[in-house]
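Here's the structure we're looking at; comments come further down.
Nothing in this text is a laboratory measurement; each read-out follows from the coordinates by a stated rule. Computed from a predicted model, the values in this text were never measured in an experiment. Cβ atoms come from the backbone with ideal geometry, glycine included; neighbour counts cover every protein chain shown.
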Amino acid sequence: MEQKQVLIVDDDLRNIFALKAVLKSRGIPCLSTATSAEALQLLSADHHVGVVLMDIMMPDMDGYEAISTLRAMPWNSQLPIIAVTAKAMVGDREKCLEAGADNYISKPIDVDELLLQLQQYLSV
């Protein structure tokens, strides 16, 4: 059985590069997009994504809207989404969860915490 991939959605290529490096070093396959619109398009066609790491502060469509849109798609309604954001103020976690994220991690990312969260959704 093919291992599900992690989709990284982030407009900062440095973040994508760093996350891909960490995941690939652990044998976790991953894809990336630089916009929410690209992510939605990819997820409409590719059903081999096991979890989405969604940046919240995106230029085209913010992560809250992207998460809500994903949740409205029947084939993605149960897809695990981890909100990844520099927004770490009181209430930001709750706002991400209310938008439909399953979990939340703040930047800078604690790699051990990220891997623990991914273990919930992937056979890592």
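Points worth noting:
- Segment Thr35-Glu94, extension gain: residue separation times 0.36 nm, minus the distance between their alpha carbons: 18.9 nm
- Computed per residue of the chain from DSSP H runs no shorter than four, each worth -39500 (n - 2.57), the mean residue ellipticity at 222 nm is -12500 deg cm²/dmol.
- Under 5 Å between amide hydrogens, built in the peptide plane, is the criterion, and for Val6 it picks out Cys30, Leu31, Gly50 among residues at least 5 positions away or on other chains.
- 13 Å Cα-Cα reach of Lys107 towards aspartates and glutamates, excluding residues that sit fewer than 8 places from it in its own chain: Asp10, Asp12, Asp55, Asp92
- Per-residue Cβ neighbour rank within 10 angstrom, fewest leading, Leu70, Leu13: Leu13, Leu70
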